[in-house]
Amino acid sequence: MGFEKFLFYCFAAIALASAGMVISRRNPVHAVLWMVVTFVSGAALWILLEAEFLGIVLILVYVGAVMVLFLFVVMMLDVDIATLRACFIRYLPLGAAVALLMLGEIVWIVGPANFGLTHFPSPPAAGLDVNNTHDLGMSLYTTYVYPVELAAVLLLVAIVAAIRLTMRRRTDTKTIDPAVQSRVKKGPDRIRIVKMASVGPLETPETLAEAKDEPR
Amino acid sequence: MPFNSANLLPILPEIAILITAAVVLVVDLYLKEKDKGVNHVLALIGLLVAFVLTGLVGGGERVLAFDGNVVRDLMSDLLKAGALIVSALTLVYARPWLKDRNLLAGEFYVLSLCAVLGMLVMISANTFLTLYLGLELLALSLYALVAFDRDSKLGSEAAMKYFVLGALGSGLLLYGISMIYGATGSIELGAVARAVAEQGSGNKVLVFGVAFLVIGIGFKFGAVPFHMWVPDIYEGAPTPVAMFLGSAPKIAAFAMIVRLLVEGLNALHTDWQGMLAILAVLSIGLGNVAAIAQSNIKRMFGYSTISHVGFIFLGLLAGSTQGYASAMFYTLTYALMAAGAFGILTILSREGFDAQNLEDLKGLNERDPWYAAMMALLMFSAAGVPPTVGFMGKLLVLEAVVRVDMVWLALVAVFFSIIGAFYYLRVVKFIYFDQPTTAVPIVTTGGVRAAMTVNGLAILFLGLFPAALLGLCQAAFP
Amino acid sequence: MIELWNALPLLIQILLKILAIVLPLLGLVAYYTLAERKVIGYMQVRIGPNRVGPRGLLQPIADAVKLMMKEIVLPTKADRTLFLIAPLIAIVPAIAAWAVFPFDDGLVVADINASLLYILSLSSLGVYGIIIAGWASNSKYALLGAMRSAAQMVAYEIAMGFALVGVLVAAGSLNLGEIVRAQSGSVLTWYWLPLLPLFGVYVISGVAETNRAPFDVAEGESEIVAGFHVEYSGMGFAVFFLAEYANMILISALSAIMFLGGWLSPFPQTWVHGIIGLDNGFHWLLLKTFGFMFLFLWLRATFPRYRYDQIMRLGWKVFIPITIVWILVVAGAVVAKLPPWWSA
C-alpha cells in the first residue's frame, strides 16, 4: 500500500505542477506539451485505480491523437502573446475572484465533510481475474448501448459540421485528382504510337561492328 | 442483460429521424445543384414518418426502455409531436430563403435533422447521461447551423459566441449533475428522485447541485441573467436558423427542465422554486423592456423570447400539476408562434435582401394582405391579446401562479406584459398603417403559403378552442 | 539457478529483464542498418560496405563510434531543451513497447490484459519526438518534415488501429499471448488468411507509420533535405536513427505475432510435437520477424517515393474503408463460428 500511495502522490504532484505550467507558459507550444504531461500523469493515476483500460485509452486518444492535432495547429499559429497578456492582466481580478469562489465552494461542498472516506469507503481491490476491458465493454454495449450510439451520432454531427464549415473547393489550384490518375488505361492514355517515315538503318558503333563481324 | 428488441419500440421516431439524416447525407452526394430540393422532400418525409410513428407507439402507460435510459410517457409523446410539427414548419419556411442564397445544401438538412434527433432524445431521456447527450447533439448541430453561411462574418461571430456560452452552460450543468450523482449515487432520474426524497434539502451537496443545474438550464434557455447570447445569436444567425433555434428547441428545453427538476428533484421544490422565481422575474422584466429599444426585428424577437421564457418558468415554479400543464401549453404554442413570426421574415426576404429591420414590415398589408393578417395574428398572440392562443397561455400560467398564492409574481408578470404589448402592437401598426418602403412584390410558393396559413390559423384556433391541447397537457401531468 | 534468481530483489530482477530485452534489441538495430546497406547494395548490383572488419561486419560499430565523437550542433534560436529531449521522446516508446511482447509461450516481462492497447498507445506517442524535433530546430525544412510526418502518422494510425481491432475481434482478447494462442493449429489457422485485407493494410500502414520508403516524405531528401532531423548531428541524429529502426523491428515483430502466429510452428502440432526445430518456439517468431524486416528493405530498394497527396489518399480513402468493411466481415464470421478459425 505504501508504494502505491507514494506513486499516487508523485503522479498527482506532476499532474498539478504540469497543469500549472499549461496555463502559465508564454509559448503556446510549451503549454500544449505540458498538457501532454498532465494527461500522461492523469492516465497513470487511473491505472493506479485499476482502471487500466481508461488510462491507456486516455493516452491513446488524447495524447496520441487529439494533442498531436493541437500541436499541429498551435505550431502554425502566429499568436500575438503581448495582447493576450494584456487581457490576462485586465481580467485577472475578476478571474481570480471567481476562481477563489469556486475553490471555497469546492472545499466546502466537495471536501471531506461530504465526500470523505466515512461516506465513501474505498472499494475492495478487484482480483487479478477481473478483466477491466471486458467488463467495460459488457456494460457499454448492454446497459449503456443507447448513450453509446448517441455519442456515435454526436461524432457524426461533428464531422458533418467540420466539413461543412471548412471545406471549400478552390478552383484556382492545379491539384491532381489521384482517382482519375489511377484509372489511367495502359494503352491509349499512357503511350501514343507515332508513325514516322523510315530514314534508313541507324549507324552506331555496335551496328558497324556487327556489320563488320557478319561476313566471318 | 440480453438485448430485447421491444426496447426499440419507444425510440422508433428517433430511429426514423436518424435514418433520414443518413439517407440525406448519402443522397446529397449524388444530387446535382438544381436537384437539391430532393433533400428537402426527404427531410419532410422523415419528419412525417417520425410524427406518425410517435402517434403509433404513443399513448398508454409510461414505458422505460434501454435499462432506464429512455422513457416514453404522455408528455414525451406530446412534446415530440410538437417538436416535429414545428421543425417541419421551419424547414418549409427556410427553403426559399436558402435557395436564393445558394445555401440549399444537404448539410443543412442533415444538421437540422440531427438537431431534431437531439430534441427527441432530450424529450424522452430518463438519465442524466441521455439527457446530456441529447442536449449536446442539439447544441452541436445548432452551432454549425448558426455558422452555416460561412462567408458571413456576423454568422461566424454569433456561432462562436453561442459555442463558448453553450459550452459554459453545459459545463455548469455537468458540474451540477456530478454533485447530484455524488449525493445520490445514480444517474437514473427515478433513483435520483427516491434518493433525494430520502435526504431532503438538508444535504448541502444536493442544494448546490440544484443551483448549478438551474444556472445551466438558465444558460440553455437564455433566461436573465444568462441571456447575453440570445439577441446576438438571433441577429447574427441566418434567418431560417434563428427561426429553427428559436422555436422547436424550446420544447426540448422544457422537457429537460421537467425531467431534471420535476421528475428528478421534486423533493427540492422549495429550493429551485426560489431560483426560478428570480430568473422568471428578471427575464420578463428585462426581456420586455429591452425589446422596446430594438430596431432590428430579429433582436427584438430575441428579447421577446427571453420574456416568454420567463413565463414558462412562472408556470413551472408554481409546482402544481396545473402549473406544469400550463407551462407545457405555453411552450408548445410559443414554439408555433416563434416559427410563424420568423417565417414571415423569411417570406419578406428575397435574393440579396434580408428582412430584419422593423421598417421592412411597413405596409405589409398593401403588399400581401393575407400574410399581413397572419403576422398580425402572431403578434397579437405574442402580446397576449384575446382571442389568440397567447392570451390563453398567459392566462393559464398566471392562474397557476395565483393558485399557489404567489400573487405578487403574477402582478409583476402582468405589468411587464403590458409594457411588452407596446412593441408587438407597434409591429401591427407598421403593417397596417404605414406606407411600404419598397414596391417589390412578395413572391412565395404555394407550400409556404399553406404552411403559414396553417400556422397563423392554428394560433387563432387554439386560442378559441384550447380545451383539446390543454387536455392533452393536463393528461401528461397526472 | 532459479533460487539465485528468486533471491534477487524485485527491482534488480526487473532491471535484468529489461536489459535482457534492450541490449539484444540495440544490437539487432545496429546490424539491421548494416543489413539494409548490404541488401540494398546487392539489389542494386553493388557490394555495400566491405571495408571495416571482415566483409564489413564491424561497420555499425565504426558508425556508432563516429557518431558519438561528433559535436552536437545547436541551431541558432533553437528551443534548447526540446531540441535535446526530442530524440529521447522518439526512442523511449519504441523500446518501452517491448515490455508486453511475448517472445514465447509465457515468456513476457509484463503479461497485462490490455497489452495490444498498450502497444497502440505507445506507438502513437512516437510522433511527438518527430514533431518536437521539427519545431524545436527552428528550421523551415525541419518544420515541414514534422508537419508531413505528423499528418501521415495520424492518418495511418487509424487504419492500423482498425486493422488491430479486426485482430482483437478475431481473437477475442487484447492480450498478445492470447492472440497467438488463438491462432494455434497450423499455417492455415493463422490470421493472415481470414484477415488478409487487414494483414495487408497493417503491414503497409506499418511502413508508413515508421516513415520508411516509399512513404518517407517526412525525410524527403530531394525536397526538404532530411526533414525533421536535418539539424541534428552526432548522438541526436544517432538516436533518431535508432528509434526508426527499433520501430521497424517492432512493427515486424507485431505483424508476426498478430497475423503469422508468433512463436507457433507452421506445421500442425500432431506432426511436429517434440521435434526440436520444428516444434513451436522462439526461433519461429525470429524467422517471421526477419522476414518482415527484409520486406522493409526490399520495399525501399524497389519503389519510388509516393507523392504526399497520394499518401493521404491511400490512408484515408482506401485503407480506412477497407478495414471498416473487413471488421464487419470478421465480426460476422466470428458470430457465425466460421471453421476452422472460430469453430470452437
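Give me the helices (runs of 4 or more DSSP H) completely within segment B:164-267, filtered to those with at least 2 residues that are in contact (Cβ under 8 Å) with a residue 60 or more places away in the chain and under 22 Å from A:Glu105 (Cβ atoms), ordered by residue number. Let's see the steps before the verdict.
Values: elements: B:189-199, B:204-221, B:229-236, B:239-246, B:248-257.
Result: B:189-199, B:204-221.
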Exercise. Do we find a residue being buried (at least 20 other Cβ atoms within 10 Å of the Cβ) and free of Cβ contacts under 8 Å to residues at least 60 places away in the same chain anywhere in segment B:153-163?
Worked result: no
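Give segment B:353-394 a look and list any residue that's among the basic types (Lys, Arg) and not in a helix (DSSP H, G or I), or say none.
Kept after step one, since they are among the basic types (Lys, Arg), are these residues of segment B:353-394: B:362, B:367, B:394.
Result: B:Lys362, single match.
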Exercise. Going by the structure shown, is C:Ala64 under 20 Å from the mean Cα position of the chain (by Cα) and either away from chain A (no Cβ under 14 Å) or of a type outside the set (Phe, Trp, Tyr) (or both)?
Worked result: no
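Does A:Ala99 meet the test of being within 27 Å of B:Phe212 (Cα to Cα) and either within 13 Å of chain B (Cβ to nearest Cβ) or modelled with pLDDT of 80 or more (or both)? Quick ask: steps written out before the conclusion?
On the way: within 27 Å of B:Phe212 (Cα to Cα): yes; either within 13 Å of chain B (Cβ to nearest Cβ) or modelled with pLDDT of 80 or more (or both): yes.
Against the criterion (within 27 Å of B:Phe212 (Cα to Cα) and either within 13 Å of chain B (Cβ to nearest Cβ) or modelled with pLDDT of 80 or more (or both)), A:Ala99 qualifies.
Restricting to segment A:119-161, name every residue that is outside any helix (DSSP H, G or I), within 14 Å of chain B (Cβ to nearest Cβ) and exposed (fewer than 13 other Cβ atoms within 10 Å of the Cβ). If you could, list the steps in order and put the result at the bottom.
Restricting attention to segment A:119-161, the residues satisfying the condition of being outside any helix (DSSP H, G or I) are A:119-131, A:141-144.
Pick out the ones that are also within 14 Å of chain B (Cβ to nearest Cβ) and you get A:119-121, A:123, A:141-144.
Within segment A:119-161, A:His119, A:Phe120, A:Pro121, A:Pro123, A:Tyr141 qualify.
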Problem set entry | Scope segment C:294-324; condition under 23 Å from C:Tyr191 (Cα atoms) and out of contact with any helix residue (DSSP H, G or I) (no Cβ under 8 Å at 6 or more places or on another chain); matching residues | C:Val318, C:Pro321
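Look at B:Leu113 and say whether it is within 11 Å of chain A (Cβ to nearest Cβ), crowded, with 24+ Cβ neighbours inside 10 Å and touching a residue at least 60 places away in the same chain (Cβ under 8 Å). Even if it seems obvious, please write down each step before you answer.
Details: within 11 Å of chain A (Cβ to nearest Cβ): yes; crowded, with 24+ Cβ neighbours inside 10 Å: yes; touching a residue at least 60 places away in the same chain (Cβ under 8 Å): yes.
Considered against the rule, which asks whether it is within 11 Å of chain A (Cβ to nearest Cβ), crowded, with 24+ Cβ neighbours inside 10 Å and touching a residue at least 60 places away in the same chain (Cβ under 8 Å), B:Leu113 comes out as yes.
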For this session: For segment A:41-52, state whether one or more residues are at the interface with chain C (Cβ under 9 Å from one of its Cβ atoms), surrounded by 12 or more Cβ atoms within 10 Å (Cβ to Cβ), under 23 Å from A:Leu7 (Cα atoms) and touching a residue at least 12 places away in the same chain (Cβ under 8 Å).
Result: yes
Exercise. On the given criteria, is A:Thr171 more than 8 Å from every other protein chain (Cβ to nearest Cβ), part of a loop (DSSP other than H, G, I, E, B) and within 30 Å of B:Ser141 (Cα to Cα)?
Worked result: yes
For this session: Could you look through segment C:239-297, keep only residues that are among the aromatic types (Phe, Trp, Tyr) and either touching a strand residue (DSSP E or B) at 6+ places or on another chain (Cβ under 8 Å) or part of a loop (DSSP other than H, G, I, E, B) (or both), and pick out the one that is modelled with the lowest pLDDT?
Result: C:Phe267
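Each row is one residue, and each column tells you yes or no for (1) surrounded by 13 or more Cβ atoms within 10 Å (Cβ to Cβ); (2) within 14 Å of chain A (Cβ to nearest Cβ); (3) closer than 24 Å to A:Thr175 by Cβ.
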{"position": "C:Arg300", "(1), (2), (3)": "yes, no, no"}
{"position": "C:Arg305", "(1), (2), (3)": "yes, no, yes"}
{"position": "C:Ile311", "(1), (2), (3)": "yes, yes, yes"}
{"position": "C:Leu314", "(1), (2), (3)": "yes, yes, yes"}
{"position": "C:Ile320", "(1), (2), (3)": "yes, yes, yes"}
{"position": "C:Ile327", "(1), (2), (3)": "yes, no, no"}
{"position": "C:Val330", "(1), (2), (3)": "yes, no, no"}
{"position": "C:Ala333", "(1), (2), (3)": "yes, no, no"}
{"position": "C:Leu338", "(1), (2), (3)": "yes, no, no"}
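From B:Ala22, B:Ala83, B:Ala88, grab the single residue that is surrounded by fewer than 18 Cβ atoms within 10 Å (Cβ to Cβ) and either modelled with pLDDT under 95 or part of a helix (DSSP H, G or I) (or both).
Details: B:Ala83 fails: surrounded by fewer than 18 Cβ atoms within 10 Å (Cβ to Cβ); B:Ala88 fails: surrounded by fewer than 18 Cβ atoms within 10 Å (Cβ to Cβ).
After applying the criteria, what remains is B:Ala22.
Determine whether segment C:149-160 contains at least one residue that is acidic (Asp, Glu) and within 11 Å of chain A (Cβ to nearest Cβ). Full working, then the answer.
Just the residues of segment C:149-160 that are acidic (Asp, Glu), to begin with: C:157.
Filter once more, keeping what is within 11 Å of chain A (Cβ to nearest Cβ): C:157.
Yes, there is a match, as at least one residue in segment C:149-160 is acidic (Asp, Glu) and within 11 Å of chain A (Cβ to nearest Cβ).
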Seminar exercise, completed: Conditions (1) at the interface with chain A (Cβ under 9 Å from one of its Cβ atoms); (2) of a type outside the set (Val, Ile, Thr); (3) in a loop (DSSP other than H, G, I, E, B); (4) in contact (Cβ under 8 Å) with a residue 60 or more places away in the chain -> B:Arg150 fails only (4)
Exercise. Within the bounds of segment B:105-115, is there any residue that is closer than 27 Å to B:Glu33 by Cβ and either part of a loop (DSSP other than H, G, I, E, B) or acidic (Asp, Glu) (or both)?
Worked result: yes
Exercise. Out of B:Ser124, B:Ser152, which single residue is modelled with pLDDT under 95 and touching a Lys or Arg at 6+ places or on another chain (Cβ under 7 Å)?
Worked result: B:Ser124
For this session: Looking only at segment C:334-344, count how many residues are in contact (Cβ under 8 Å) with a residue 24 or more places away in the chain and more than 29 Å from the chain's Cα centre (by Cα).
Result: 2
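Out of B:Tyr175, B:Tyr162, B:Tyr132, B:Tyr143, report the one residue that is among the aromatic types (Phe, Trp, Tyr) and more than 21 Å from the chain's Cα centre (by Cα). Don't jump to the end; show me each part of the working.
Values: B:Tyr162 fails: more than 21 Å from the chain's Cα centre (by Cα); B:Tyr132 fails: more than 21 Å from the chain's Cα centre (by Cα); B:Tyr143 fails: more than 21 Å from the chain's Cα centre (by Cα).
B:Tyr175 is the lone residue from the list that is among the aromatic types (Phe, Trp, Tyr) and more than 21 Å from the chain's Cα centre (by Cα).
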For this session: Can you confirm whether segment B:40-63 contains a residue that is touching a strand residue (DSSP E or B) at 6+ places or on another chain (Cβ under 6 Å), in contact (Cβ under 8 Å) with a residue 24 or more places away in the chain and either within 13 Å of chain A (Cβ to nearest Cβ) or part of a loop (DSSP other than H, G, I, E, B) (or both)?
Result: no
Seminar exercise, completed: If we ask which residues in segment C:106-145 are over 20 Å from C:Ile21 (Cα atoms) and either outside any helix (DSSP H, G or I) or more than 8 Å from every other protein chain (Cβ to nearest Cβ) (or both), their number turns out to be 15
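If you scan segment B:18-39, which residues turn out to be within 10 Å of chain A (Cβ to nearest Cβ) and out of contact with any Cys (no Cβ under 7 Å at 6 or more places or on another chain)?
So the first thing to find is which residues in segment B:18-39 are within 10 Å of chain A (Cβ to nearest Cβ), and the list is B:18, B:21-22, B:25.
Answer for segment B:18-39, where residues must be within 10 Å of chain A (Cβ to nearest Cβ) and out of contact with any Cys (no Cβ under 7 Å at 6 or more places or on another chain): B:Leu18, B:Ala22, B:Leu25.
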Problem set entry | Residue match in segment A:170-180 (condition: modelled with pLDDT under 75 and surrounded by 12 or more Cβ atoms within 10 Å (Cβ to Cβ)) | yes
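Conditions (1) on the phi < 0 side of the Ramachandran plot; (2) crowded, with 24+ Cβ neighbours inside 10 Å; (3) facing chain A (nearest Cβ under 10 Å), marked per residue:
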| position | (1), (2), (3) |
| --- | --- |
| B:Leu74 | yes, no, no |
| B:Leu104 | yes, no, no |
| B:Val121 | yes, yes, yes |
| B:Ser124 | yes, yes, no |
| B:Tyr132 | yes, no, yes |
| B:Ala167 | yes, no, no |
Exercise. Of everything in segment C:79-91 that's within 14 Å of chain A (Cβ to nearest Cβ) and touching a Leu at 6+ places or on another chain (Cβ under 8 Å), which residue is nearest to C:Leu26 (Cα to Cα)?
Worked result: C:Ile89
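The values are calculated or read from the model by the stated rules, or taken from the named source; none is laboratory data. Keep in mind it's a predicted model, so treat the numbers as computed, not measured. Here Cβ is always computed from backbone atoms with ideal geometry, including for glycine, and neighbour counts include all displayed protein chains.
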